[in-house]
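Derivation of every value follows stated rules applied to the coordinates shown; laboratory data play no part. Owing to the predicted nature of the structure, the values given are computational and were not obtained by experimental measurement. Counting neighbours? That spans all protein chains shown, and the Cβs are built from the backbone with ideal geometry, glycine included.
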Amino acid sequence: MRVAIADDGALFREGLVMLLRAAGHEVVASVSDGDQLVASVSADPVDVAILDIRMPPEPDGGLTTAERVRALRPETGLLLLSHYAETHYLMRVLEIGTEGIGYRLKERVAGVQVLDDTLTRIAAGEIVIEPSLAKRLVERPASGDGPVAALTEREHDVLRLMAEGRTNNAIAKELFISAKAVEKHIAAIFTKLGLPGDPTVNHRRVLAVLAYLRARRIDG
Amino acid sequence: MRLRPVDPATCELRRGLERDLNDGPAQRVAALSVELGLLSVDLTDPALTGRIAGLQCALDTVLAELREIGGALYPPVLTSDGFGPALHAVAERRGVALAVRGEAREGYDVDTQAAACLAVADHLRSVPPETRVGVRVSRGLGSMRVHVTEERATCG
């Protein structure tokens with residue numbers, strides 16, 4: 001895969017470049033700010049661009065640059081990295097695009113396998129969401145009230161994996177169940193939570209699930 | 001209850017400390033984890049790769065702890081998106097239900113937003129999870145008035 005990276009932290013960026021090369025990817029550009037990245041991908045297209053959210057132009061150059069890259073080269077996958085897993089940033093990432101885009105904690109892409117898996121999913125058009133953020137969003141309330149608390153253990157696992165942006169096949173593989181069983185669980189979840197829309201269209205399903213979970217967590 | 005706005009010098013100090021934490025130790029630890037990932041590529045012994053994965057997990061914990069401290073010093077969303085989104089981010093992490101109403105988006109300057117946000121954010125960290133907190137913002141004469149109400153979900 002052809003990749004470009006922009007991060008103003010040289011130490012982390014250079015490490016990631018070596019890790020990408022070790023994983024067999026071609027690093028076309030490694031730069032320290034958004035403007036250089038835009039110049040690079042417009043001259044020399046890549047499969048995925050990796051951007052640190054907090055870099056120049058401040059305060060959140062990764063997000064504004066990702067928007068510019070998406071407008072310039074809609075076919076380029078985007079991986080936004082951050083030191084913080086914030087729902088607010090996730091929502092801003094999904095405003096930029098809902099296909100071929102990801103949001104992950106920096107340290108969580110420090111292994112070849114996870115990095116490969118993340119890049120492959122983004123290049124395939126999926127949404128990739130930081131698992132620790134998905135886990136926080138689907139946490140059951142301590143009071144044990146509400147529709148999420150009414151889900152079975154298995155349905156709860158499926159909900160968490162949907163919130164990570166996983167496809168039916170990936171959910172089936174992760175939970176050691178059949179794709180058919182996953183479909184059944186998803187239909188049950190949509191009914192119990194009263195979610196709108198068609199659960200078979202992956203990116204719409206992710207958005208519906210996230211909108212629901214976010215509203216549940218923060219709207220008083 | 002009465003919350004004191006955080007004074008400008010303290011806001012600036014807290015903002016600087018969060019930035020130093022992010023640009024210094026957090027970045028170094030994340031880079032160390034990448035370094036370990038790189039080391040793992042060349043190893044074939046599953047016992048060794050397992051130990052490296054264990055070390056990476058330990059570094060993840062260090063970063064999660066640094067993140068907690070950084071977020072408490074100065075919520076990262078405050079720098080990029082201002083008062084309302086920052087408070088929602090803090091509340092969501094704490095499992096506190098929050099409603100922000102009123103003129104929260106009306107062009108207050110950065111220092112005013114920070115002073116008010118940090119005061120309310122510090123308070124949000126002190127309430128038990130599942131409290132419902134209401135924040136109403138109104139414009140006073142050259143000032144930002146923030147009214148905070150709260151309701152405990154259950155007792156006992």
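Highest mean packing comes first when the peptides B:78-91, B:9-22 are listed by Cβ atoms within 10 Å, giving B:78-91, B:9-22. Packing around the peptides B:116-128, B:44-56, taken as the average count of other Cβ atoms within 10 Å per residue, puts them in this order, highest first: B:116-128, B:44-56. Taking amide H as placed 1.01 Å from N in the peptide plane, A:Met55 has its amide H under 5 Å from the amide H of A:Gly61, A:Gly62, each at least 5 places away in sequence or on another chain. Relative to the longest principal axis of the Cα atoms of chain A, helix A:61-72 runs at roughly 90 degrees. Amide H contacts of A:Leu80: A:Leu51, A:Gly102, A:Tyr103, A:Arg104, each under 5 Å away and 5 or more positions distant or on a separate chain (H built 1.01 Å from N in the peptide plane; Pro and chain starts excluded). Anisotropy class assigned to the protein assembly as shown is oblate, per the alpha carbon gyration tensor with a/c at or over the 1.5 cut-off and a/b no larger than b/c. If one takes the longest principal axis of the Cα atoms in chain A, at what angle in degrees, from 0 to 90 and to the nearest 10, does the Cα axis of helix A:34-43 lie? That helix lies at roughly 80 degrees to the long axis.
Among A:Met55, A:Met18, B:Met144, a tally of other beta-carbon atoms within 10 Å of each Cβ gives an order, fewest to most, of A:Met18, B:Met144, A:Met55. Relative contact order of chain A, taken over Cα pairs closer than 8 Å and 6 or more residues apart, is 13 percent.
Of all DSSP beta bridges confined to chain B, the antiparallel ones make up roughly 60%. A simple count of charges around B:Leu66, restricted to other residues whose Cβ falls under 14 Å of its Cβ and scoring Lys, Arg +1 and Asp, Glu -1, yields -3. Charge tally for A:Gly9 (other residues, Cβ to Cβ under 10 Å; Lys, Arg +1; Asp, Glu -1): -1. Residues A:Ile186, B:Ile69, ranked from the fewest to the most other C-beta atoms within 10 Å, line up as B:Ile69, A:Ile186.
Rounded, prolate or oblate for segment B:50-156? Axes are the square roots of the Cα gyration tensor eigenvalues, ordered a ≥ b ≥ c, and the cut-off for rounded is a/c under 1.5.
oblate
Of the beta bridges in the protein assembly as shown, as assigned by DSSP with both residues counted there, near 25 percent are antiparallel. Reducing segment A:9-23 and segment A:103-119 to their Cα centroids gives an inter-centroid distance of 12 Å.
With respect to chain B, whose longest principal axis is taken over its alpha-carbon atoms, helix B:8-21 is tilted by about 20°.
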